[in-house]
Amino acid sequence: MFSLLFGSKMEKDLKAFVEQSPDVVLRYKDGQTVIPSRILKVFRDSMTIMGFPDTLKQKEIHIRLQLNGVGFDTVISKIGRDKEGKVLFYCKMPERLLPPNKGYRRFVIHPNGTARVLVSTNRGEKSLKLAIYDISELGMNLVSDSDVGVKIGTKFYQSMVTVGGGQAHLVDMQVCNLRKGPAGVMLCCGFTTDPRGLSEMLSAASGLAPKPKPGPKKK
């Protein structure tokens, strides 16, 4: 009765996460296909997420929040489109939230990392060198100061990613959101395949990220 009036804890938790960052990564149950997306709206017993035009292989999907790695399983109950024609997935509210993978963390490394990406323009492809603001096992946020327009859904194939003075790695990713950040316009990207050099990049990032401040000493 009270959940009908005031909403469930699950609804409140998801809304709080989405307010901080709506960016997510979707996977089918087989774990092979990775699709960057974002949660658009959380309702009492359902949610709307940004879909994709490709043929849906399964209705059962696993979602992980890029914010903190928390995940959940859900079912796509309906497919629709918004006023601009973009695909929407209407999903059931999950039964429970799953903890992030052990050691999950997003490392802020700006300005000690770069991603060289190719962007299609009216004059052909243009190479852009963008700074990496932060990186996690699910994706990265890039800082854009270019006048070349990048839209939600833009895919970056075979991007050359360098963290610190380490080796460059090839990464496939997709822009799932655009927002203002502390260093400029942020291209919120999710990996579309698991990068081979991800562990090396995260290890380098952990050495570059600011160390957490120690808590107060116990008396």
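Values as computed for the structure displayed
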| item | result |
| --- | --- |
| Neighbours by Cβ (under 6 Å, 6+ apart or cross-chain): first from segment 73-93, in the same structural domain as P36 (by TED's automatic domain parsing); second among the aromatic types (F, W, Y) and at pLDDT 95 or above | I76/F89; S77/Y90; K78/Y90 |
| Verdict on G190 being in contact with a helix residue (DSSP H, G or I) (Cβ under 7 Å, 6 or more places away or on another chain) and of a type in the set (G, A, S) | no |
| Residue list for segment 117-148, filter: in a loop (DSSP other than H, G, I, E, B) and either touching a strand residue (DSSP E or B) at 6+ places or on another chain (Cβ under 9 Å) or in contact (Cβ under 8 Å) with a residue 24 or more places away in the chain (or both) | S136, E137, L138, D145, S146, V148 |
| Candidate set from segment 101-116 (those that are hydrophobic (A, V, I, L, M, F, W, C) and touching a residue at least 60 places away in the same chain (Cβ under 8 Å)); member that is farthest from P182 (Cα to Cα) | F107 |
| Breaking point among (1) in contact with a Cys (Cβ under 8 Å, 6 or more places away or on another chain); (2) crowded, with 20+ Cβ neighbours inside 10 Å, for P22 | (1) |
| Output for segment 84-116, where each listed residue is outside any loop (DSSP other than H, G, I, E, B), among the hydrophobic types (A, V, I, L, M, F, W, C) and either closer than 29 Å to M10 by Cα or at pLDDT below 90 (or both) | V87, L88, F89, C91, L98, F107, V108 |
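Residues are listed down the side, and each one gets a yes or a no for (1) at pLDDT 90 or above; (2) exposed (fewer than 15 other Cβ atoms within 10 Å of the Cβ):
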position	(1), (2)
L130	yes, no
Q158	yes, yes
V175	yes, no
G190	yes, no
G197	yes, no
M201	yes, no
K211	no, yes
P214	no, yes
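The values are calculated or read from the model by the stated rules, or taken from the named source; none is laboratory data. None of the values given here were measured: they were computed from a predicted structure. Using ideal geometry, Cβ is built from the backbone for each residue, glycine included, and neighbour counts are taken over all protein chains shown.
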